[in-house]
Amino acid sequence: MIRSILDFLRGGAGTTATAQRQKLFFEGGPDHIYAVGDVHGCDDLLGRLEDLIFEDCRRREGTKWLIMLGDYVDRGPKSASVIDRLIAKPRADIKRFCLAGNHEDVMLDFLRNPSRDHQWLDFGGRETLYSYGLHKLPASRPALKNLLQSRIPDEHVAFLESLPSMLSIPGFCFVHAGLRDGVPLAEQSDADLLWLRPSASGKAVATNGIVTIHGHTPVARVEVGQGRVNVDTGAFMSGILSAVRLSRRSAPEIIQCS
């Protein structure tokens, strides 16, 4: 299913397949970074995890960033609420960045090219549509497009379109999925940044001294390795949403809620 969807997007089914997302490069980072794994429509979990992060944030001096690693929609029951939450200003002294995941990309392709046989619907998209109150889709494409435009807020679509595919600071790179080994950061393709998975050997995707912080590949517990940190603990399946805090003067610390 995943390979067929990636081939579908690469094949030029819509503008998603050709338009490259923005990549964010910073010459320096903050004192503390909180990176959150795949949410997948689990807004209640995200609310509880935010409470823990914001409480931790208030106890720490210095600048703070909150980096969301993508896959906010699909599979869980409250995708629309998750986007509402991420559009709103955080409830703490923290700067939030939201990166694109592969599920956001496929959702956008559906919105641009809607049909009742679009592969997104079997990729978690039905649950996302349910969160907007859409339970029955008309057969006519024009009618379907009009229905989607009437029920999915323009600001939600604009949010999905605006998401960058990468955030980089010296020594660290934050992406949804992974990096292609041997390819400079500025030349990494969105297809890899949003879809790549670690090798079966467990070798870090990037071997050029950069630590990659990512989600996308569900694991039983947060993996903190030499070359990468995987923060996706499969919230919609496990009921556990995870984050990692990276601070200048301390070891990474895992923050979780259930």
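The values are calculated or read from the model by the stated rules, or taken from the named source; none is laboratory data. Just so you know, these numbers come straight off a predicted model, no measurement behind them. Cβ coordinates were reconstructed from backbone atoms using ideal geometry, including for glycine residues, and neighbour counts include every protein chain displayed. The area values use the complete protein model at the heavy-atom level, side chains included, leaving out ligands, DNA and RNA. Shrake-Rupley method; radii C 1.70, N 1.55, O 1.52, S 1.80 Å.
Modelled label positions at H135 and E155, each set 7 Å beyond Cα in the direction of Cβ, lie 2.7 nm from each other.
Computed on the Cα atoms alone, the convex hull of the range 78-117 gives a volume of 87 cubic angstrom per residue.
Of the peptides 65-76, 239-250, 219-230, 94-105, the ranking by mean beta-carbon count within 10 Å, highest at the top, reads 65-76, 94-105, 239-250, 219-230.
The residues of the range 21-257 present an accessible area of 43 Å² per residue when probed at 1.4 Å with all protein chains retained. I need the shape label for the range 65-179. Rule: rounded when a/c is under 1.5, else prolate if a/b > b/c, else oblate, with a, b, c from the alpha carbon gyration tensor. Prolate shape, in that a/c is at least 1.5 and a/b is the bigger ratio.
The antiparallel fraction among DSSP beta bridges confined to the chain stands at about 45%.
Could you work out the helix-only [θ] at 222 nm for the chain, with each DSSP H run of four or more residues adding -39,500 (n - 2.57) and the total divided by the number of residues, to the nearest 500 deg cm²/dmol?
Details: 9 runs with 82 residues, N = 258.
Taken over the chain, the calculation gives -9000 deg cm²/dmol.
The simple spin-label model puts a point 7 Å past each Cα toward its Cβ; for Q20 and D181 those points are separated by 2.3 nm. Computed in the context of the full set of protein chains, the accessible area of the chain at 1.4 Å probe radius has 50% of its extent on carbon or sulfur.
Our summary gives the range 117-258 a relative contact order of 13 percent, counting only alpha carbon pairs under 8 angstrom and 6 or more residues apart.
Helix 102-112 and the long axis of the chain differ in direction by around 30°, with both axes built from C-alpha atoms. Measuring nothing but how far apart in sequence close Cα pairs (under 8 Å, 6+ apart) lie, relative to its length, the range 21-257 scores a relative contact order of 26 percent.
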